[in-house]
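First comes the structure, then the notes that go with it.
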Amino acid sequence: MPDSFQWLLLLGAFLFSTGLAIVVCRRNLILMLMGLELMLNGANMNWVAFGRLYPDALQGEIFALFVIVVAVCEAAVGIALIVQVYQHYQVSVPDQVADLNEN
């Protein structure tokens, strides 16, 4: 295996784990959305790394392109939902939204 392949996998794993830590630890909706985007970028980094390992097959790049399209759609819908929740409740922390509690 090429040496750059291992570094790309490590970078992808670092991006994914950083995004996961942000999603789990932070309670701000915008930061949670940013963490999800980091997780998707880490997955893309791994797809492209495997695509570079096997240059004859384009599956890695095609999957990465598909994930990028899904990430753009997720970001657009997520930001629209966050703006609507903020306009209605005036909070950006999901735990403070009163109507979503089970009480």
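The values are calculated or read from the model by the stated rules, or taken from the named source; none is laboratory data. Given the structure is predicted, the values throughout are model-derived calculations rather than measurements. Cβ sites come from the backbone with ideal geometry, for glycine too, and all protein chains shown count toward neighbours.
Regarding VAL69, is this residue loosely packed, with under 11 Cβ neighbours inside 10 Å, part of a helix (DSSP H, G or I) and within 13 Å of the chain's Cα centre (by Cα)?
yes
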Counting just the residues of the stretch 1-12 that are in a helix (DSSP H, G or I) and touching a residue at least 40 places away in the same chain (Cβ under 8 Å), which one comes out surrounded by the most Cβ atoms within 10 Å (Cβ to Cβ)? LEU8
Quick check: is even one residue across the stretch 80-98 under 14 Å from the mean Cα position of the chain (by Cα) and in a helix (DSSP H, G or I)? no
When the stretch 39-81 is examined, which residues are found to be within 30 Å of SER92 (Cα to Cα), aliphatic (A, V, I, L, M) and in contact (Cβ under 8 Å) with a residue 40 or more places away in the chain? ALA75, ILE79
Filter the stretch 13-66 for residues that are among the acidic types (Asp, Glu) and modelled with pLDDT under 90; which is surrounded by the fewest Cβ atoms within 10 Å (Cβ to Cβ)? ASP56
Which of the residues that make up the stretch 67-103 are among the small types (Gly, Ala, Ser) and modelled with pLDDT under 85? SER92, ALA98
